[in-house]
Amino acid sequence: MELCMSLVNGGSISVVNLSPSCLSRSLPVPKNPISLQSYTCLRPPSLSRQFQPSQFAVSASPSSSSSSSTALSSEKDQLPADIIVTETQEPNSRVKLSIQVPPEVCDDCYKRVIDEFMKQAKVPGFRPGKKVPESILVSHVGKKSVQKAAVESILRRTLPHAMSSVTGTPLRDSVRIVTRFSDMEQAYSSLNSLRYDVIVDIAPEVKWIPENGYKNLKVVVEIDSDIDAQKASEQELRRRHKSLGSLRIVTDRGLQIGDLAVLDISATTIDQDESNVKSIPSAESKGYHFDTEDGDKVVPGFLDSIIGIQRGETKSFPLVFPESWTQEDLQGIRAQFNVECKELFYRDLLELDDSLAERLLPGGTSLKQVKESLLQKFLEVEQTAREQAADNAILDQLCKMVEVDIPQSFFEEQGRELYGARLLEIQANIKLNEQQLASLSSKKAVDEYLLNQKENITHMIKQSLAVGDIYKRENLQLSTEELVKEVENSIAEFKRQKQDYDEERVRGQVQEILEGAKVLEWLREHAEIQYVTR
């Protein structure tokens with residue numbers, strides 16, 4: 001039931017671990033996180049996929065022939081003449097390359113193709129390895145096939161040269177030939193030269209406003225009152241004490257503070273025009289167990305409105321959801337509540353003394369020792385919460401200080417990884433059938449997610465790029481021992497859970513997490529942080 005508010009409103013404080021690895025450090029997530037499990041690094045994986053000639057393939061536009069997907073050589077071989085490359089800057093850290101290939105290069109590629117066909121083709125009337133006249137060979141293989149192979153050879157040989165001239169760092173897997181393959185074939189056939197266009201994303205440049213502004217951060221961190229260690233430890237002791245007591249049915253009075261009631265709750269909006277009155281499903285509940293000592297976790301005024309209610313009685317009263325309510329669609333809504341008390345209990349509690357120590361806390365020897373142990377536990381929780389709240393506030397501040405054109409491939413990759421992690425999370429909680437899984441995995445479902453979560457994904461990427469840029473600017477370093485240890489721990493966890501893993505990818509993720517933690521540690525040391533209790 002959504003009647004109760006979460007303990008930490010607004011910017012939630014969360015702990016995120018690289019799953020399923022067992023990193024000993026965890027990093028904060030941005031405000032309003034999309035998926036906790038998915039945010040495993042402070043820099044998107046794309047940063048580690050900068051262009052490497054040996055690892056990329058280029059595919060032509062969707063309207064091209066399927067054969068126009070060309071895998072490229074890792075080597076730049078010598079060309080008989082220079083190609084002409086014109087670079088045009090485009091939005092979102094993207095460049096367009098217009099590549100003009102002269103006839104000399106086309107002729108050389110054609111000769112290589114003929115030589116290769118000569119080695120492989122089995123032409124009737126000619127022994128294997130015997131030189132076949134070019135005209136007969138072309139007639140046997142087919143002129144169209146030879147031309148297609150020649151164009152592919154031209155692309156394979158010239159594209160690495162073109163990419164080496166790009167201003168900035170091209171991103172692997174983002175290189176795309178946008179000229180139709182059929183148009184390239186036609187141009188080559190009629191002109192014996194070739195011109196084609198390529199679109200490629202480049203690693204985005206992070207611009208700080210003001211320059212180096214991250215060095216003098218002033219951050220105000222809001223901490224929820226429920227995080228207070230003293231208050232939290234007292235509440236936990238009270239909860240444990242109550243769990244040892246017995247519930248007795250109230251027969252001769254109405255509801256009092258300390259009681260537990262079983263309620264049926266419904267609510268509707270309040271409007272002068274009765275035709276506009278609507279029910280509020282998220283505020284409805286049957287058999288809701290309401291502990292009166294949790295009155296601060298429900299709509300303000302709810303507890304006061306039902307004090308004195310007796311078993312079998314119904315009360316109706318208006319309330320207003322506060323503007324700070326966790327459900328945005330209910331903030332400021334005036335509602336008419338109807339509450340029926342189905343059962344009413346009071347607690348018969350044991351006397352709180354040293355005799356309960358062991359039952360309150362395994363190993364407890366006295367009530368004082370139990371209180372001290374619980375306080376120590378919640379002091380650690382409070383410290384972790386304060387650090388993570390500070391990290392979240394710092395990350396939000398960084399996001400406001402940077403300007404960056406995010407490449408579309410960056411955005412889509414990060415978004416798809418988040419969506420994939422979310423899907424795995426759903427699958428783990430609810431066993432989806434094949435039809436449901438296919439529907440949620442469809443291109444339409446993914447595209448809708450990317451559209452709906454555009455702001456969150458963009459926010460996350462900006463934070464990630466800012467952190468990565470600071471790591472380089474400040475020349476921060478990781479110790480080899482620390483990295484090796486965390487990688488070993490992560491791999492051990494994969495093995496324990498009998499899951500497949502890519503050791504290189506695990507190492508990259510672990511390194512990015514540790515680098516991110518190093519940056520946040522540096523920022524906390526150099527920032528002016530003020531904590532304010534909400």
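The values are calculated or read from the model by the stated rules, or taken from the named source; none is laboratory data. This one's a predicted model, so the numbers in the text were calculated from it and none came from an experiment. Positions of Cβ are backbone-derived with ideal geometry, glycine not excepted, and every protein chain shown enters the neighbour counts. SASA here: full protein model, heavy atoms, side chains in, ligands and nucleic acids out. Shrake-Rupley method; radii C 1.70, N 1.55, O 1.52, S 1.80 Å.
Of the conditions (1) touching a Leu at 6+ places or on another chain (Cβ under 7 Å); (2) acidic (Asp, Glu); (3) crowded, with 18+ Cβ neighbours inside 10 Å, Asp353 fails just one. Which one is it?
It is condition (3) that Asp353 fails.
Could you list, in sequence order, the residues of segment 121-177 that are open to solvent by 20 Å² or more (accessible area, probe 1.4 Å), of a type outside the set (Asp, Glu) and under 35 Å from the mean Cα position of the chain (by Cα)?
Passing the criteria: Ser164, Ser165, Thr167, Gly168, Thr169, Arg172, Arg176.
Which of the residues belonging to segment 63-102 are under 15 Å from Asp197 (Cβ atoms) and at pLDDT below 85?
Ser63, Ser64, Ser68, Thr70
Of Leu255, Leu244, Leu260, Leu194, which residue is within 27 Å of Leu349 (Cβ to Cβ) and touching a Cys at 6+ places or on another chain (Cβ under 9 Å)?
Selected residue: Leu255, the only one of Leu255, Leu244, Leu260, Leu194 that is within 27 Å of Leu349 (Cβ to Cβ) and touching a Cys at 6+ places or on another chain (Cβ under 9 Å).
Residue by residue through segment 247-300, note down the ones that are assigned to a loop (DSSP other than H, G, I, E, B) and surrounded by 14 or more Cβ atoms within 10 Å (Cβ to Cβ).
Val250, Gly254, Leu255, Asp259, Ile270, Ile280, Glu284, Val298, Val299, Pro300
Here is a list: Leu379, Leu367. Which entry is in contact with a helix residue (DSSP H, G or I) (Cβ under 6 Å, 6 or more places away or on another chain) and open to solvent by 60 Å² or more (accessible area, probe 1.4 Å)?
Testing whether each residue is in contact with a helix residue (DSSP H, G or I) (Cβ under 6 Å, 6 or more places away or on another chain) and open to solvent by 60 Å² or more (accessible area, probe 1.4 Å) leaves just Leu379.
For segment 424-534, list the helices (runs of 4 or more DSSP H) that sit wholly inside it and hold at least 3 residues that are farther than 30 Å from Ile406 by Cβ and open to solvent by 30 Å² or more (accessible area, probe 1.4 Å); which are they?
It comes to 434-441, 480-496.
Identify all residues within segment 400-416 that are assigned to a helix (DSSP H, G or I), surrounded by 18 or more Cβ atoms within 10 Å (Cβ to Cβ) and in contact with a Ser or Thr (Cβ under 9 Å, 6 or more places away or on another chain); write none if there are none.
Ser409, Phe410, Phe411, Glu413, Gln414
Picking from Glu434, Glu455, Glu403, which residue would you name as being over 25 Å from Val220 (Cβ atoms) and not hydrophobic (A, V, I, L, M, F, W, C)?
Glu434
Mind telling me which of the residues Lys454, Lys472, Lys443, Lys431 ends up being basic (Lys, Arg) and under 23 Å from Leu514 (Cα atoms)?
Lys472
Hey, can you tell me all the residues within segment 484-534 that are aromatic (Phe, Trp, Tyr) and in contact with a strand residue (DSSP E or B) (Cβ under 8 Å, 6 or more places away or on another chain)?
Passing the criteria: only Tyr531.
Here is a check on your reading of the model: is Arg239 in a helix (DSSP H, G or I) and of a type outside the set (A, V, I, L, M, F, W, C)?
Taking the combined requirement at face value, the residue satisfies it.
Among Gln453, Gln511, Gln477, which is the only one that is touching a residue at least 60 places away in the same chain (Cβ under 8 Å) and in the same structural domain as Phe410 (by the TED database)?
Gln453
Quick one: would you say Arg195 is surrounded by fewer than 19 Cβ atoms within 10 Å (Cβ to Cβ) and either of a type outside the set (A, V, I, L, M, F, W, C) or out of contact with any strand residue (DSSP E or B) (no Cβ under 8 Å at 6 or more places or on another chain) (or both)?
yes
Which residues, taken from segment 311-351, are of a type in the set (S, T, N, Q) and part of a loop (DSSP other than H, G, I, E, B)?
Of everything in segment 311-351, those that are of a type in the set (S, T, N, Q) and part of a loop (DSSP other than H, G, I, E, B) turn out to be Ser324, Thr326, Gln327, Gln331.
With respect to Val220, is the statement that it is among the β-branched types (Val, Ile, Thr), surrounded by 15 or more Cβ atoms within 10 Å (Cβ to Cβ) and under 35 Å from the mean Cα position of the chain (by Cα) true?
No.
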